[in-house]
Every structure is written in structure tokens, then in C-alpha cells.
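The values are calculated or read from the model by the stated rules, or taken from the named source; none is laboratory data. What you are looking at is a predicted structure, and each value in this text was computed from that prediction instead of being measured. No Cβ is skipped: glycine too gets one built from the backbone with ideal geometry, and neighbour counts run over all protein chains shown. Each accessible area value is taken on the protein alone, full model and side chains, heavy atoms only, with ligands, DNA and RNA left out. Shrake-Rupley method; radii C 1.70, N 1.55, O 1.52, S 1.80 Å.
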Amino acid sequence: MLQYDRSEERTGMQESVCYGADYDLQCDFVMVYGFHDLEQRIAQWKAHGYGIHLMTGVSWGEYQDYLYGKFDGIDHHDEGQVDHNGKEINHGVDVPYMVPSVSFARYLTENLKKAVDAGVEAIHLEEPEFWVHAGYSEAFKREWQIYYKEPWQDPQASAEGQYRASQLKRYLYTRTLDRLCSELKEYALVKYGRLLRFYVPTHSLVNYSQWKIVSPESALIDLPTIDGYIAQIWTGTARVKNCYRGLEKERTFETAFLEYGVMQELVRGTGRKMWYLADPIEDDPEHTWRDYRDNYYRTVVASLFHPEVDSYEIAPWPHRIMRGTYPSEDGSTREKIPPEYKTNLLTVTHTLRDMRGQPSEWLTEAAEVGVMLADSCMYQRIYPVGDPEREESFSTRWSAFYGLAMPLLKQGFCVRPLQLDNVRRYANYLDDYRTIVLSYEFMKPDSPDMHNALAQWVRGGGRLLVVGDGSDCFHKIRAWWNQGGADYQTPTEHLFAALGLGRTPDDGVYAVENGFVGVFHRHPAAIARESAICDEYLAQFASLLASAGCTKAPANALVLRRGPYTVVSVLEETGIDAPCTLEGRYVDLFDHALSVVTDPSFAPGTVRLLRSLDDDSCGILAASGRVSAEVSAEHALQFTLTGPSEMTAAVRIRLPDGINLAALSASAAVSSEVIACEVEFEPIGNTALLTFASSPDGVEVTVEW
């Protein structure tokens, strides 16, 4: 296992309290959260070797001094987000979600200068969120008049009102982030001569659309002052139920896979930084440790199927993980984290640090298929009174998107949500894809030139499946396809015309120069709700591929190799009950004892992270702590392992061939004080497992043979 400089910032965590030895996870940096006791917390974490960032909420927080006029003498309660009943939307007691006014941005800027003065290296402005059902406060009505130069419209009275309100909400948070980052970067450079970095921790476009929240999302790409993002995806977002073949249930792996996929589109080709978050627990404190652990594994594995990103936030609130109590299996009591999960959690987080630069290779036929999404997905999540989709829009199912994506993922395709808005930003954005699925029944294109790019891509050999029945009431809003002399009933009609197919081609597959276009006149939500329509959709998709001479047999497993690591997910609900069997010898990184397995077989519903033993590398294979000072000699191995207190560390090492087992021994010490160290030899792969008490002061280990 390699050793890394913390300045690479491969892994980080966010924490609101001072340093604690029992939750010293030994990542590269810590994001101190909020402004309370700021200098004290920074000093403590910095003293223990961490890089220091700051994180704070940009749409909510402990900002009562602003609300009550202590900041500028003006009461700002009219800037809270308000629903159609006049009720303030809160994140906590006296903590409203804010309408991001110019004065609120000024207030945040003054607060954040304190963090710059305290020496933080970077600032994370978390969760710019505007609820879809908001839009009724006086502050928002003022912003509407300024932006649209017309009187405010009730967002829930019409499709157009809802769409325009959401466009404004996206703009307001984009404006605020641009103001904050620009002014504070200048402040840091002028006053201290240092370049300050800004990141936006944000949920995915999939989740915000599902939860009915508007956020800037891809608009952040257009802000040069943004240096990157954290993809806030975890069990709490990924376990939200969705509908597939009429069955509504949690599908944590599949949802997380799609969420991580769309987040990578914020950085692909930009050179910006992205950390993928996976939370070992979640905000809901009423699940069992078994539930947290199983879903954590599913989110970690889902993130690892996206090798374009190789940096991670390993834990929000580590003190909550290591000290919190959660329901026992029988519900009779509350329990702290099981020792085995604690050990394994540290193994996983330090394995994530080793993903940087590892080459990747699919071991299954996971043909990539793009499913188009746009920021406008967030604009259509509440339908006006009287529309047949209104009931669906008030749920979190969001069946229209999952109707397109889930059936293909369940067939073993590597489904990549693509950002339609990026078609305008990058001339070659679609070049890496040969097959794309698109529907305008739950989103709309911002401009007609997107269709010129799509048509050019198809003519160059692309395969496009267009799904939709034209029933969406948002087709009737004032927009480019029906204004300024244009008379298209839907943007889909304009797309078909750009492809040379007329405005309303029948169902089928059409050749367009070197490419093909499939047409399927069904609402994508119906694909999610009805198995028969799902089968028709898959048949039409197969016909599109067959027209281009392509076939792919359905499969129930995704397997990806990343350097010495193998990532496995065996899907359920595929109609295939066969297990997935791998050849070779591996260390099971989801086992606290780091067991060695040969030719493992995994049933549907299983996820795994494995470390291959089929190479000749000797030394440390996996460890539940941060390894440094690793030195190998002919008959010995020495290293230091640093990790939290109150935990058993586990290390699996590879030994040279032909060692004298009778002489195999291990010793450990902390600050020259000897501690117990167990060693257990495993003949398969010629490895040994070391276990000893972990310490944030570092355990010096010597193995001899």
C-alpha cells in the first residue's frame, strides 16, 4: 500500500466539534463546520496534521443575527422561503431556508471573511437549495419583478408560473455563489496574498429533482470562481423509493449509481475537483447498524463504478458515527457502532485513498448508454391543479426518469445520466457515447441549438431513442419552440424536424445518414408503472441497437477492475437468478477480518469490494488505518499505522514465498510502550492477518519471519 502526502486531499471529512481521538479517521483534511468556536476547532485539528477547510450552509444556517436585524438594523424575516399557505419552510427551529437576496450575500461574505482571517485553505458553500413549493415570500416576489420585469405569478397556478419560478430560483443561487466566491477570493488575495479555493457540496440533479428542490447544478460550471464540488450522495438520498415494473421500493445501489453518474458530468473535461461522499450512517437516527452498514456498502460500490472520480468525503460528522447510539435489531435498546463495523469502516476509507491513478477495466460487458437529464428537470416537479400528473408530481417517485434509466440498468447496461445543458457548453460533449435515450416529458431544452448538436451526433453514427407522448402540460409554456415565429407543439417536434424526420414520425427506427433514431410514443412514467410497457420499451431499444448491428445479452452483474481492486454488484429484479462467479484469489475488503476467498460466487443483491491476490506484490495489502514508514527487508516488514483510539486495527500483509513459519512473529508499540499484536497465517495467497489496538499516536509494527 502506497503512502501519500495529505496535501493531495484525496479524502476528507466534515465535523462541527473539536478534535477527538476516537473519531480521528486519519483522512487528509477536515471541513470545520459553521462559525462557532472557529479558531479553537481549527487549531486543534491543525495540530493533528489535518488540512483545514470550512463548510457552511449557503441556504440555511444559524443566521439569526441577520434575520433579527443585528447585522444591518433591518429585520429580514421576509427573506425566508414560504409556501403557498404562507408557512415558512425551515431547516430547524428559527432556521429558515433563505431567499438569497443581495443583502443576504453581503451578510454571508462578512461572516466568511472571519474564516479567511483564521487561515482556512478552502471554503465549501453547502447545499444551495430552493424548494419547489416555495416562491410566496415578499423577497421572492420582489426578485421576480426585477428579473422578469412583470408582476409575480403564483407558481402553482399554472405550468408557466411553476417553470418561471424555478428558473428564477436557480438564477438567484447562481448569482449568490458568484458574488460570494468572487469577493472573497479577491479579499484573500489582496489581504493575505493567497489563493482561496471554493467548492459546492451539493446533492445530485437526480436527487434534487426527486425531492423537489431547485439548485444551480450545471450552472455552476459557468462560474470560474468555483473550484469543484462534493457529490452529496449517501443512503439518505439513495434509499428513496422509486418505481420499476409497478413495484415501488428502495433500490439503494441503482439509485446511487445514477446519482454519482450525473455528478461526474459537473467536472468531466473541466479540470475541477470532485469528491464523492458516502456516509457510514445517515441523518435518520432510527435505522439499525446492519441497515446502515449494508446500505453504506451499496453506495461505496456505486461510487467506485465511476473511475473518473477518485477522491472521497469519507464521513460527515465522524463523532456521530463513533459515539452515536442507534436502535438494536429487536428495538429494545440503542447501541454504539459494532467493533467489527468500526474496523471495516476504516479499511474501506483507507482503500478509497488508494484509488488515485488506478487503471480501470470492465470485466463484464457493460455497454455505456446515456440517459439525458437537464437542470429543467427541477422546474417540473409540481404540476398545476387539474393536471393528471399532479398526484405523481407531489410524490418523490419521479417515475418519468426512472422509467427510462432503471430498465436498462437492470439489463446490465452501464447507464450514464448525461447533462443536456452541456451539449451547448462543449462542442464534443457527446463524442464518447454511441447510444442515448431522451425524453422531454419531464424536462425541456433551453435552446434550439441543442438539437443541431444532437442531429449532428446522430448523423455521425450516434443512436438516439426518443421517448414521449407529448402529453406534458409544460410543453405549453412560453418558450423558444412556440415563440418568435416558431409554431412547434413540443420541443420534440423541433428535434424530429432537425433530424429530417418531419415533426411527428410514427413509432419505429429510422436511419439518419450514418446513425439511427428510435421513436417510442409512450410517456416514460408509464414504463416504470407497467411491466408490459417496460417490455415494449426494451424491445424498441433492442431494435435500435440491432439496426446498427449491435446486440447485448441481458446480464445481472456489473464488475469493474480498478488496479488491484475489483468492484462487484449483482443486481436483483433482472429475471436472472444465476450468481456472479469470479476466478482468482482475493481479500474481501467488506470483511473486518479481511478474509481470503478463492473463486468467490455472489448471489443477486450482493455488492463487494475485493483486493486481488493474483499478483506478486509483497507487503501491506489492506489496512484499517493510515500507513506510513513502510520498510521491507529480507526477513522483516516494518510500518506505522495511525487511526482512531478505541478500535481494533486489522492489517492483511503478503509474505514472501518460502518463509519459516515457525519464526513468524509480530510486535507492536505505541510511543515505545509494547502492546499486544496477534498474527494469523493464511496459506492461500501466503498472507497473514495482524490485529492490534489502534492509536492516533501511531502504532509501530514489526513482522519477522
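Laid out as a table, the results:
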| quantity | calculated |
| --- | --- |
| Some residue of segment 161-173 being touching a strand residue (DSSP E or B) at 6+ places or on another chain (Cβ under 9 Å), under 19 Å from I230 (Cβ atoms) and outside any loop (DSSP other than H, G, I, E, B) | yes |
| Filter result for the condition that a residue is over 27 Å from P318 (Cβ atoms) and either in contact (Cβ under 8 Å) with a residue 40 or more places away in the chain or surrounded by fewer than 22 Cβ atoms within 10 Å (Cβ to Cβ) (or both), over L594, L655, L589 | L655 |
| Qualifying positions in segment 483-500 - surrounded by 18 or more Cβ atoms within 10 Å (Cβ to Cβ) and not small (G, A, S) | Y488, T490, P491, T492, E493, H494, L495, F496, L499 |
| Residue match in segment 181-189 (condition: at pLDDT 95 or above and surrounded by 24 or more Cβ atoms within 10 Å (Cβ to Cβ)) | yes |
| Number of positions in segment 429-445 that are of a type outside the set (K, R), assigned to a loop (DSSP other than H, G, I, E, B) and surrounded by 18 or more Cβ atoms within 10 Å (Cβ to Cβ) | 8 |
| Residue match in segment 349-361 (condition: surrounded by fewer than 16 Cβ atoms within 10 Å (Cβ to Cβ), at pLDDT 95 or above and over 24 Å from Q26 (Cβ atoms)) | yes |
| Condition met for P155 (in a loop (DSSP other than H, G, I, E, B) and surrounded by 23 or more Cβ atoms within 10 Å (Cβ to Cβ)) | yes |
| Within segment 70-118, tally of residues that are over 27 Å from H133 (Cα atoms) and either assigned to a loop (DSSP other than H, G, I, E, B) or open to solvent by 20 Å² or more (accessible area, probe 1.4 Å) (or both) | 9 |
| One residue from V466, V458 being among the aliphatic types (A, V, I, L, M), surrounded by 14 or more Cβ atoms within 10 Å (Cβ to Cβ) and not in a helix (DSSP H, G or I) | V466 |
| Criterion: under 27 Å from E9 (Cα atoms) and either hydroxyl-bearing (S, T, Y) or open to solvent by 10 Å² or more (accessible area, probe 1.4 Å) (or both) - qualifying residue of D279, D222 | D222 |
| Any hit, segment 404-411, residues being open to solvent by 20 Å² or more (accessible area, probe 1.4 Å) and either in a loop (DSSP other than H, G, I, E, B) or of a type outside the set (D, E, K, R) (or both) | yes |
| Unique match (being touching a residue at least 60 places away in the same chain (Cβ under 8 Å), within 20 Å of D421 (Cβ to Cβ) and in contact with a Cys (Cβ under 6 Å, 6 or more places away or on another chain)) among S215, S209, S166 | S209 |
| In segment 604-646, the residues that are among the charged types (D, E, K, R) and either without any contact (Cβ under 8 Å) to a residue 60 or more places away in the chain or open to solvent by less than 10 Å² (accessible area, probe 1.4 Å) (or both) | D614, D615, D616, E634 |
| Filter result for T56 (among the β-branched types (V, I, T), under 18 Å from Y173 (Cβ atoms) and in a helix (DSSP H, G or I)) | no |
| Single residue of F516, F541 found to be more than 30 Å from P600 (Cβ to Cβ) and not in a helix (DSSP H, G or I) | F516 |
| Candidates Y173, Y192 - the one that is open to solvent by 10 Å² or more (accessible area, probe 1.4 Å) and either over 24 Å from K444 (Cβ atoms) or out of contact with any Gly (no Cβ under 8 Å at 6 or more places or on another chain) (or both) | Y192 |
| Subset of segment 662-690 [part of a strand (DSSP E or B), open to solvent by less than 40 Å² (accessible area, probe 1.4 Å) and either out of contact with any Leu (no Cβ under 7 Å at 6 or more places or on another chain) or among the small types (G, A, S) (or both)] | A666, A668, A669, V670, A688, L690 |
| Failed item, numbered, when A542 is tested on (1) open to solvent by less than 10 Å² (accessible area, probe 1.4 Å); (2) over 27 Å from the mean Cα position of the chain (by Cα) | (1) |
| Filter result for the condition that a residue is closer than 25 Å to I221 by Cβ and touching a residue at least 24 places away in the same chain (Cβ under 8 Å), over Y148, Y136, Y192, Y171 | Y171 |
| Conditions (1) in contact (Cβ under 8 Å) with a residue 60 or more places away in the chain; (2) open to solvent by less than 10 Å² (accessible area, probe 1.4 Å); (3) outside any helix (DSSP H, G or I); number of the one not met by G269 | (2) |
| Some residue of segment 502-512 being aromatic (F, W, Y), in contact (Cβ under 8 Å) with a residue 12 or more places away in the chain and buried (at least 17 other Cβ atoms within 10 Å of the Cβ) | no |
| Any pair with Cβ under 8 angstrom, 6 or more apart, that starts in segment 52-66 at a residue that is within 18 Å of S103 (Cα to Cα) and in contact (Cβ under 8 Å) with a residue 60 or more places away in the chain and ends at one that is acidic (D, E) and in a strand (DSSP E or B) | T56/E126; G57/E126; V58/E126 |
| Any hit, segment 596-604, residues being of a type outside the set (S, T, Y) and closer than 24 Å to F692 by Cβ | yes |
| Selection status of I42, in contact with a strand residue (DSSP E or B) (Cβ under 7 Å, 6 or more places away or on another chain), aliphatic (A, V, I, L, M) and assigned to a helix (DSSP H, G or I) | yes |
| Scope segment 303-348; condition open to solvent by 40 Å² or more (accessible area, probe 1.4 Å) and of a type in the set (S, T, N, Q); matching residues | T325, S332, T333 |
| Matching residues, segment 230-259, being assigned to a loop (DSSP other than H, G, I, E, B), open to solvent by 10 Å² or more (accessible area, probe 1.4 Å) and aliphatic (A, V, I, L, M) | V240 |
| Condition check for A557: of a type in the set (G, A, S) and open to solvent by less than 20 Å² (accessible area, probe 1.4 Å) | yes |
| Pairs with Cβ under 8 Å, 6+ apart, first in segment 73-97 and among the polar types (S, T, N, Q), second modelled with pLDDT under 95 and open to solvent by 60 Å² or more (accessible area, probe 1.4 Å) | none |
| Residue that is farther than 23 Å from S645 by Cα, assigned to a loop (DSSP other than H, G, I, E, B), touching a residue at least 12 places away in the same chain (Cβ under 8 Å) and among the hydroxyl-bearing types (S, T, Y), where the choices are Y379, Y383 | Y383 |
